[in-house]
Amino acid sequence: RSSPWVMGIFHNNEVDVAGGTEDFDSEAHLAALARTDLDHTIQRISRSYRILAESPSLPSSGDNPISSFTYAFPPNLCPPSFLRLLHHLRRGGILGDGAMLQAAPDDRHFKRDLFLRFPLRHCESMMGPQLWRWREEKIENDLFSSHQHEQSTINKDTEIANDELFSKKIHFKAIPAETLALWDDVILIADLYDNILIWHGHGVDNEKESVQLAMNATKSLVADQSKHRFPAPEIHYLREGESMSRKLTSRLAPSHKDPLEQQVALCPDLAVLSSQQLESVRNKFRYSDTTGDDASFRQWFWKVASASAKVSEVGRTLCESDYS
């Protein structure tokens with residue numbers, strides 16, 4: 001099954017990456033099996049937890065009006081961040097498929113080889129993008145003060161201050177790597193491990209002093225994030241509307257596919273946008289793919305973890321020890 005791929009069959013000359021379409025088809029098949037096994041593992045954990053949750057010996061998780069994950073997945077596994085990371089892993093350059101990958105087969109082999117060799121902290125960075133947002137200081141402060149509810153994946157602030165260049169502190173907010181983060185008036189920094197993308201919304205005026213200071217701080221953040229990293233990441237500067245912006249949008253989870261009320265629940269910062277700003281964000285995706293080929297995080301999780309999920313009929317849990 002997928003275990004030969006996981007153990008590096010494509011890195012031991014058993015498959016020639018230049019050997020023709022059959023080799024690529026085999027690799028795609030094994031990657032699909034790996035995604036299925038990953039899904040089945042999530043399903044088995046969820047089903048076991050549901051059984052335990054019915055036991056009176058299990059402490060109550062309390063009332064949470066927006067988080068049904070509490071009752072579907074063990075809270076000690078930190079569902080919001082852990083599951084999002086797995087979702088990015090299965091749709092990204094290591095296990096994903098389709099045109100969205102934008103990577104040559106040999107580049108994917110190289111990335112997989114690094115993933116198998118690197119320590120855990122590097123692997124976590126390769127599994128999914130890290131995303132930071134910069135907004136005008138007054139606007140962002142208003143957002144912080146009026147909206148205190150934050151998910152565990154986004155409760156870290158990154159401060160960059162260079163007293164030799166300027167006295168102000170520039171704040172970057174860590175946020176979920178979702179398509180609904182593409183606001184008009186923000187600068188986004190996406191760390192994909194092998195690439196770092198700096199994206200400007202079309203409402204950002206590069207001539208303003210505050211934006212120039214933010215760009216100086218961005219360079220400091222990028223340098224700090226990538227120092228001593230191997231291989232050194234490529235840095236790309238993107239502007240909304242440019243064709244190369246797909247480098248970023250293709251790696252963000254498609255949260256725009258979720259129902260409107262769920263969009264705000266999973267991306268709480270949307271609640272502080274004006275109705276006009278919110279409509280502008282949603283309209284960016286009015287011509288996007290509406291099929292289930294690239295599911296949002298919510299769509300994927302509940303397809304896998306719901307009681308009626310059928311992954312168990314074809315998948316194999318990674319909790320099993322026998323992979324012979």
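The values are calculated or read from the model by the stated rules, or taken from the named source; none is laboratory data. Just so it is clear, the structure is predicted and the values come from calculations on it, not from any experiment. All Cβ positions, glycine included, derive from the backbone under ideal geometry; neighbour counts span all protein chains shown. What goes into the accessible areas is simple: the full protein's heavy atoms, side chains included, and nothing from ligands, DNA or RNA. Shrake-Rupley method; radii C 1.70, N 1.55, O 1.52, S 1.80 Å.
Please go through the range 225-283 and give me each residue that is part of a helix (DSSP H, G or I), open to solvent by less than 30 Å² (accessible area, probe 1.4 Å) and not hydrophobic (A, V, I, L, M, F, W, C), ordered by number.
Residues satisfying the conditions are 226, 245, 255, 263, 268, 269.
Tell me yes or no: at least one residue of the range 127-148 is in a helix (DSSP H, G or I), modelled with pLDDT of 90 or more and surrounded by 17 or more Cβ atoms within 10 Å (Cβ to Cβ). Full working, then the answer.
Residues of the range 127-148 that are in a helix (DSSP H, G or I), as a first pass: 127, 137-146.
Then keep just the ones that are modelled with pLDDT of 90 or more; that gives 127.
Remaining after also requiring surrounded by 17 or more Cβ atoms within 10 Å (Cβ to Cβ): 127.
Yes: the range 127-148 contains one or more residues that are in a helix (DSSP H, G or I), modelled with pLDDT of 90 or more and surrounded by 17 or more Cβ atoms within 10 Å (Cβ to Cβ).
Please go through (1) outside any helix (DSSP H, G or I); (2) more than 30 Å from residue 300 (Cβ to Cβ); (3) open to solvent by less than 60 Å² (accessible area, probe 1.4 Å) for residue 218 and return the number of the only condition it doesn't satisfy.
(1)
Taking the range 284-308 as the region of interest, how many residues are modelled with pLDDT under 85, crowded, with 17+ Cβ neighbours inside 10 Å and either more than 19 Å from the chain's Cα centre (by Cα) or assigned to a helix (DSSP H, G or I) (or both)?
We begin by selecting, within the range 284-308, every residue modelled with pLDDT under 85; these are 285-294, 305-308.
Then keep just the ones that are crowded, with 17+ Cβ neighbours inside 10 Å; that gives 285, 294, 305.
Keeping just the survivors that are either more than 19 Å from the chain's Cα centre (by Cα) or assigned to a helix (DSSP H, G or I) (or both) gives 305.
Summing the residues that are modelled with pLDDT under 85, crowded, with 17+ Cβ neighbours inside 10 Å and either more than 19 Å from the chain's Cα centre (by Cα) or assigned to a helix (DSSP H, G or I) (or both) in the range 284-308 gives 1.
For the range 74-96, name all the residues that are at pLDDT 75 or above, outside any helix (DSSP H, G or I) and within 19 Å of the chain's Cα centre (by Cα).
Within the range 74-96, 92, 93, 94, 95, 96 meet the criteria.
Residues being open to solvent by 20 Å² or more (accessible area, probe 1.4 Å), in contact (Cβ under 8 Å) with a residue 24 or more places away in the chain and assigned to a loop (DSSP other than H, G, I, E, B): count how many of those fall in the range 177-215. So that I can check it myself, show each step before the final result.
Start the filter on the range 177-215 by keeping residues that are open to solvent by 20 Å² or more (accessible area, probe 1.4 Å), which leaves 184-185, 194-195, 202-203, 205-210, 212-213, 215.
Checking the rest, the ones that are also in contact (Cβ under 8 Å) with a residue 24 or more places away in the chain come to 184-185, 194-195, 202, 210, 213, 215.
Of the ones still in play, those that are also assigned to a loop (DSSP other than H, G, I, E, B) are 184-185, 194, 202.
Selection size over the range 177-215: 4.
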